[in-house]
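*Asks:* Shown below is the structure under consideration.
Since every read-out is calculated from the coordinates, none of them should be taken as a lab result. Fair warning: this is a prediction, and the values are worked out from it, not measured in the lab.
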Amino acid sequence: MDHSQTFPVVGAVPVPIAGPGTSQLLLPGAAGVGGESALPGIAGSGVYGSSLLRGAKDDGRIAAQRLCSGSQEGAPPASFDGSDGGVSQTRLSLNPLAHRRFPYLLKGVAIVRPNQVWSTDITYIRLRGGFVFLAAMMDWYSRYVLTWDLSISLEADFCVAILERALEDQRAEIFNTDQGVQFTSAQFQAPLLAAQVRVSMDGRGRAFDNIFVERLWRSVKYEEVYLKDYRTVSEARDGLSRYFSFYNGQRIHQSLDYRTPKSVHFATP
């Protein structure tokens, strides 16, 4: 999550929203973002109330969506569903309210090849009359942006959609996220577990555990978003499409020996 621009709301109460495989948080009252005044709500299905919290860092207030920990292969504890046995992966994936945390696996790990580690995150993109949410998936080694998309809501569906697109012709060894409710959901984790990808999650409150995506957000905003004045979602999508094409194929990186992410990601070993 872009932690400089989170939603500082006190006393948030999670409310499940009816819909296939989705859940959302409805918060009372407006909230400022990153020190700015409260942003206006966006009309459309899937957006409720005047402020939204994605639950990126659970601080104990979201008791109804308490996550459970476990090993990569093991099922959640038996107490997860109140039964004597554990919850199977299939049952977990069918329960939209099931959430699961994983430990951070990347401490001290040398990143030496493409598709060794992927990660994802969500930030917001301002429009003239509101904002939309941007999610992207990146390969850590090459900085290549694998997939991305925009949404007017913070439901998990658009995150799942870009994950499935990324997995169509490639596969990561480790996939890292923060502890946002989109990424701890069974709906998001099911494709990763099915592809035998190891899931890693940032420590609570540790934004730098996902530093490569944080740097991507800085580049996107300072090189594209802040220089434009998007009026509509369509304009934002067109502008970001051009930018990510430039970022992957033309923008050189000092850390990549002045090569582009695309040339590094698809280079012959």
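*Asks:* Kirkwood-based Rg over Rh for segment 200-269 (C-alpha set), two decimals?
*Replies:* That ratio equals 1.05.
*Asks:* Name the long-range amide H neighbours of residue 259: under 5 Å, sequence gap of 5 or more, or other chain; modelled H, no Pro or chain starts.
*Replies:* So residue 259 has HN proximity to 253.
*Asks:* Residues with amide H under 5 Å of residue 125's amide H, sequence separation 5 or more or different chain, H placed in the peptide plane at 1.01 Å from N; which?
*Replies:* 132, 133, 134
*Asks:* Quick one: Karplus J couplings for segment 234-249, per residue in order, coefficients 6.51, -1.76, 1.60, θ = phi - 60°, nearest Hz, x for Gly and Pro?
*Replies:* After applying 6.51 cos²θ - 1.76 cosθ + 1.60, I find 4, 5, 4, 5, 5, x, 5, 4, 5, 5, 5, 5, 5, 4, 6, x Hz.
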